[in-house]
Amino acid sequence: MSMLELTGVTKKFGGIVACKDISFSVAPGQVAGLIGPNGAGKTTVFNLITGVYAPTAGSITFADQDITAIRPDKVVAHGIARTFQNIRLFRNLTVLDNVRIAVDKEVDYALGEALVRSPRVKNLEQEICALAMERLEEVGLADKADVRADSLPYGLQRKLEIARALALRPRLLLLDEPAAGMNPEESLELAGLVRTLHARHDLTILLIEHHMDVVMELCERIFVLDFGVKLAEGTAEEIQTNPDVLRAYLGEGYKRVRSQ
Ligand SMILES: Nc1ncnc2c1ncn2[C@@H]1O[C@H](COP(=O)(O)OP(=O)(O)OP(=O)(O)O)[C@@H](O)[C@H]1O
């Protein structure tokens, strides 16, 4: 059984073929990686999974349900959450409020009840706040709860995006370049965090990343895109020694330097 399955997915933007006949599947509980050169079609795949775009051809299933061309506002209800390559936080809200908004979406109360702040609403607000703080603690941002999101350095903003995505209680978490802009030490620390969150929240994860140490450290299965087509798939060991991948992306001189 697969948690996420793409079958023959193609996406064209006018004359540009961003993805061509892509098929792959991610097993439940797996951490998988989507790698490839700039413009290979990786973010387009995320946008197809999350309904930002509808595929020109092909199908996408999630937990055995057809989500091809799902409406973006239905994605979270299916159990899919994502982070963005270009960080998308509410910049002028606090760190805590950025996560509270995500938790709040899960809670159902009438506007009238909210306006009079009934005891039930007050209790719910406390619960939301506690849940949001839990997520912040998990990513190491609890002590920054009251600062404005845009005052955080980029690395911490990326962690805040992860906390916000987790607050939506996803089964599938899509991470778009979570280690972008981080130095090697920070990116390995991030890999450790992703590993912890994966175990704690029983997640399936698909991540796009250019930091190969993060990819090789975390991913049980790796899919390589090049010019919109799937060039290869395999384990970290297989991908690192695949001549096509070395030629197209990693570079002939690529040799993994293990972190341990
Ligand atoms: N909305 C769009 N309209 C037109 N072309 C698009 C659109 N979105 C993506 N493309 C094109 O599709 C191709 C794949 O882009 P995509 O952003 O998916 O690549 P990527 O692998 O994520 O690249 P990067 O590593 O730089 O983020 C590129 O040629 C891009 O210009």
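Just so it is clear, none of the values below were taken in a lab; they were calculated from the coordinates. Bear in mind that the values here come from a model prediction, so they are computed numbers and not experimental data. Every residue, glycine as well, gets a Cβ built from its backbone with ideal geometry; the counts of neighbours run over all protein chains shown.
Listed values, structure above:
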item: Residue under evaluation Gln65, criteria (1) within 30 Å of Arg247 (Cβ to Cβ); (2) surrounded by fewer than 18 Cβ atoms within 10 Å (Cβ to Cβ), criterion not met; result: (1)
item: Single residue of Lys159, Lys144, Lys122, Lys230 found to be under 18 Å from the mean Cα position of the chain (by Cα), charged (D, E, K, R) and either buried (at least 20 other Cβ atoms within 10 Å of the Cβ) or away from the ligand (no atom under 16 Å from the Cβ) (or both); result: Lys159
item: Output for region 183-218, where each listed residue is within 16 Å of the ligand (Cβ to nearest atom) and either hydrophobic (A, V, I, L, M, F, W, C) or touching a residue at least 40 places away in the same chain (Cβ under 8 Å) (or both); result: Leu206, Leu207, Ile208, Glu209, His210, Met212, Val214, Val215
item: Filtered residues of region 1-43 (kept if closer than 30 Å to Arg200 by Cβ and within 11 Å of the ligand (Cβ to nearest atom)); result: Leu34, Ile35, Gly36, Lys42, Thr43
item: Where Arg200 falls short, out of the listed (1) crowded, with 19+ Cβ neighbours inside 10 Å; (2) within 20 Å of the chain's Cα centre (by Cα); result: (1)
